[in-house]
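See below for the structure under consideration.
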Amino acid sequence: MNNKFLISVIGLNSILVLNYLLWAICPPNALVAQIIIVLYIAICIYPLKNIKETWPLLGFIAFGLLVTMFTGSEAWDARSIWLFHGKRIFFDGGLYAQLDNYAPWSHNDYPVIFSAFAATLATVVGDWNEIFPKSAAIFFLIPPLLMLLKIFSSPNLFLIFNIGLLKICGDLLFNGYIDAILALYTCASVLMLIPMVIEVLNVDAKTRQTYGVLAGSFLIVLPLLKNEGLVILLCISIAALLFESSLTKKFYIYALLASLLIYFLSWKMPLLQANLQNDMSVPGGISRAFDRVTDVDSLRLIALSIFKNIWLCLALMTLSLCVIKIKFSKFNIPVTFLILYLAALLVVYFMTPHDLAWHLGLSISRTLMPVNLLMLGITILALKQYKRL
């Protein structure tokens, strides 16, 4: 694999993280904001320049820009959480504007790396509106999509993945929600850790360390996107440390520590100091979980809600692995991650202080996006192996 490609994607993730940290330390003025955006676009040129390979991604980016630039966001979470936090960062001039807990319904404990980039886009044009800052979604979609394009190593397979991506995530890709972005970062992060992918990408000894830094940059972004990102990071880490991955155990631990350090110092500690809590942090979680575990109707509701959302991708993944006769052991890390993440979701829904039916109806399709996208990614990888047979 070309070392320049790896460095380019590292650069894109680094700009997203550095922009976030800049708002915490010294909010960017218009000139600095313009430099950030221009630098990001300039770095994109190299990995996207081979149009014969990247045309599906270029088309996806163009479509996404049209959607984000010419439509407002009517979705409540997008308008009242992520973009509202960006608006506060822009007008208050700091990353921690929401820690005064004004408008508590906007979930002021949620991480703001996306909102910080939306604020930077508003700074570029000199004012806030409800459309242009939403295009921050495109900047966050590019790094994981670039990595997945490289992993699948085929424009046609990547196009199939994009069709599935649009089916699974729909307008949540472009309307200011973070769930689809988190799902893509999860999919790319997990697939990058599969040893088989190292062979697919032709990563040699000279580029192995750069590849490790790239994987680490994805891990750093995960917990800064949403609260679920921290859970996903921990599930990935358990799977990566239990089995052989594309990174050495030592290197992975360094990457994990870097991710946790940035998250806790830049976000979790300020939250604790501001005494902000998540809406799920309501006493009595264990007793609620016990009541639901022993309630047949609750168990049926949770099981059916999960199955209705994942059955298609689960069937495609299982069928592709069985028909192409790929050993499941080659996918120890993603399968273990899927089990751990689904277990974590079960704990959340068992312990939720909200009405169970309401909570499932509101969130289950979004919380299962990482599961569905990863299973779709495994299916595409299986198809790629079939083409090589």
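Pairs under 6 Å by beta carbon, first residue within 18 Å of Leu383 (Cβ to Cβ) in segment 182-202, partner modelled with pLDDT under 90, six or more apart or different chains?
Met196/Lys330; Leu201/Met1
Given the structure, is Ile194 surrounded by fewer than 21 Cβ atoms within 10 Å (Cβ to Cβ) and among the β-branched types (Val, Ile, Thr)?
no
Conditions first: (1) more than 17 Å from Leu148 (Cα to Cα); (2) polar (S, T, N, Q); (3) modelled with pLDDT of 95 or more. Thr207 passes all but one, so which condition is the exception?
Single failed check for Thr207: (3).
If I filter segment 333-349 for residues that are in contact with a helix residue (DSSP H, G or I) (Cβ under 7 Å, 6 or more places away or on another chain), more than 21 Å from Ile238 (Cα to Cα), of a type outside the set (D, E, K, R) and crowded, with 17+ Cβ neighbours inside 10 Å, do I get at least one hit?
yes
Scan segment 294-303 residue by residue and report those that are surrounded by fewer than 12 Cβ atoms within 10 Å (Cβ to Cβ) and either on the phi > 0 side of the Ramachandran plot or assigned to a helix (DSSP H, G or I) (or both).
Answer for segment 294-303, where residues must be surrounded by fewer than 12 Cβ atoms within 10 Å (Cβ to Cβ) and either on the phi > 0 side of the Ramachandran plot or assigned to a helix (DSSP H, G or I) (or both): Val296, Asp297, Arg300, Ala303.
Looking only at segment 172-230, which residues are part of a helix (DSSP H, G or I) and basic (Lys, Arg)?
Across segment 172-230, the qualifying residues are Lys206, Arg208.
Any residue at all in segment 78-86 that is modelled with pLDDT of 95 or more, surrounded by fewer than 15 Cβ atoms within 10 Å (Cβ to Cβ) and not hydroxyl-bearing (Ser, Thr, Tyr)?
no
Name, by its number, the condition in (1) within 26 Å of Glu228 (Cα to Cα); (2) modelled with pLDDT under 95 that does not hold for Cys313.
Failed condition: (2).
Please go through segment 56-67 and pick out each residue that is out of contact with any helix residue (DSSP H, G or I) (no Cβ under 6 Å at 6 or more places or on another chain) and of a type in the set (Phe, Trp, Tyr).
Selection gives Phe63 alone.
Can you find even one residue in segment 243-253 that is surrounded by 20 or more Cβ atoms within 10 Å (Cβ to Cβ), assigned to a helix (DSSP H, G or I) and at negative phi?
Within segment 243-253, one or more residues are surrounded by 20 or more Cβ atoms within 10 Å (Cβ to Cβ), assigned to a helix (DSSP H, G or I) and at negative phi.
Please find, within segment 197-231, the residue that is nearest to the chain's Cα centre (by Cα) out of those that are surrounded by fewer than 20 Cβ atoms within 10 Å (Cβ to Cβ) and acidic (Asp, Glu).
Residue satisfying both the conditions and the ranking: Glu199.
Give segment 68-117 a look and list any residue that's touching a helix residue (DSSP H, G or I) at 6+ places or on another chain (Cβ under 6 Å), part of a helix (DSSP H, G or I) and more than 24 Å from Pro28 (Cβ to Cβ), or say none.
Ser80
The values are calculated or read from the model by the stated rules, or taken from the named source; none is laboratory data. Here the structure is a predicted model, which is why all the values come from computation and not from measurement. Glycine gets a Cβ as well: all are built from the backbone with ideal geometry, and neighbour counts include every protein chain shown.
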